[in-house]
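Novice: Mind looking over this structure? Questions follow.
The values are calculated or read from the model by the stated rules, or taken from the named source; none is laboratory data. The model shown is predicted, which means the values in this text are computed figures rather than measured ones. Cβ placement follows ideal geometry from the backbone for every residue including glycine, while neighbour counts extend to all protein chains displayed. Protein only, heavy atoms only, side chains kept; ligands, DNA and RNA dropped before computing areas. Shrake-Rupley method; radii C 1.70, N 1.55, O 1.52, S 1.80 Å.
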Amino acid sequence: MFRNPEDPENSLKAKIPEGKKAIADKGYLGEQHTKIAPPSQYDSRELAEFKNRARARHENFNARKKSFNVLSSTFRITKNKKEKHKIVFEVVCILCQYDMENGHPLWDV
């Protein structure tokens, strides 16, 4: 989770190194901090194209995760299931990472 009100120190936002930004979509336009770079009318053509390629690459990774049908159905999270959900999601990401490192890489941005 980019913002994690329950555990802000372990949010994705907290893990972005100082001086670096995450490329975001329009859903983050209202965010008032320096850790993200959503689309902007002030972006140069080259920067806008770079951000588009980066978002498309990320969507490709999301599609790979969704190919594991465990992520396509509703998962009703109770207190006991929350940790199991996290484990399943991490396993799916690890399998996608393994696939990328063994013949099916994402394209360069």
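Novice: Filter the range 1-48 for residues that are among the aromatic types (Phe, Trp, Tyr) and either more than 21 Å from Glu59 (Cβ to Cβ) or at pLDDT 90 or above (or both) and give the result.
Specialist: Tyr42
Novice: List every residue pair whose Cβ atoms sit under 6 Å apart, with the two residues 6 or more apart in sequence or on different chains, where the first one lies in the range 2-23 and is within 24 Å of Arg53 (Cα to Cα) and the second, anywhere, is open to solvent by 90 Å² or more (accessible area, probe 1.4 Å).
Specialist: Phe2/Leu12; Lys13/Arg3
Novice: Please go through the range 1-30 and give me each residue that is open to solvent by 50 Å² or more (accessible area, probe 1.4 Å) and more than 20 Å from Lys86 (Cα to Cα), ordered by number.
Specialist: Pro17, Glu18, Gly19, Lys20, Lys21, Ile23, Asp25, Lys26, Gly27, Tyr28, Leu29, Gly30
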